[in-house]
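What follows is a short report on a single structure.
The values are calculated or read from the model by the stated rules, or taken from the named source; none is laboratory data. Model, not experiment: these values are computed from the prediction. Note that each Cβ is placed from the backbone with ideal geometry, even for glycine, and that neighbours are counted across all protein chains shown. What goes into the accessible areas is simple: the full protein's heavy atoms, side chains included, and nothing from ligands, DNA or RNA. Shrake-Rupley method; radii C 1.70, N 1.55, O 1.52, S 1.80 Å.
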Amino acid sequence: QVQLVQSGGGLMQAGGSLRVHCAASGITVSTYTMAWFRQAPGKEREFVAAIRRNFTTDYADSVKGRFTIFRDSAKNTVYLQMNSLKPEDTAVYYCAGAYSLVEATMAHGYNYWGQGTQVTVFS
């Protein structure tokens, strides 16, 4: 049984930093494409970042230079480090995993999803 269990996130003032965690069981994150998506109230889920098994990464333009996706193979966990946070980063963040993907930025390609973690940034 595959589980992606998320933790971290929370409430932060604009300009601050937060980290969200995604601990996996039933899959090995280093052999999967792992990603973060987010969904703000009234908006569709959008791609944030992805890391592939070969360590290559993709980022949405809106977070490039501020967010970093990385993994710890020993802990089988993927992280999203979020710096220079803005109020528009406020959303529920979801981690996702897929073994084989054509396009890492498309949510429909992912097989497994975490439960979601709220990130709220206030000005």
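Structural remarks
- Looking only at residues in the stretch 1-58 that are more than 14 Å from the chain's Cα centre (by Cα) and among the basic types (Lys, Arg), the one that is surrounded by the fewest Cβ atoms within 10 Å (Cβ to Cβ) is Lys43.
- Pairs where the first residue, in the stretch 75-103, is more than 13 Å from Cys22 (Cα to Cα) and the second is among the aromatic types (Phe, Trp, Tyr), C-beta under 7 Å, 6+ apart: Met82/Phe67; Pro87/Phe122; Ala98/Tyr32; Ala98/Tyr110; Tyr99/Tyr32
- Odd one out for Gln118, checked against (1) over 15 Å from Thr33 (Cα atoms); (2) part of a loop (DSSP other than H, G, I, E, B); (3) open to solvent by 50 Å² or more (accessible area, probe 1.4 Å): (2)
- Some residue of the stretch 76-87 being out of contact with any Cys (no Cβ under 9 Å at 6 or more places or on another chain), at negative phi and modelled with pLDDT under 95: no
- From Phe37, Phe55, residue being among the aromatic types (Phe, Trp, Tyr) and touching a residue at least 24 places away in the same chain (Cβ under 8 Å): Phe37
- Number of the condition not met by Tyr99 [criteria: (1) aromatic (Phe, Trp, Tyr); (2) within 16 Å of Thr120 (Cα to Cα); (3) touching a helix residue (DSSP H, G or I) at 6+ places or on another chain (Cβ under 9 Å)]: (2)
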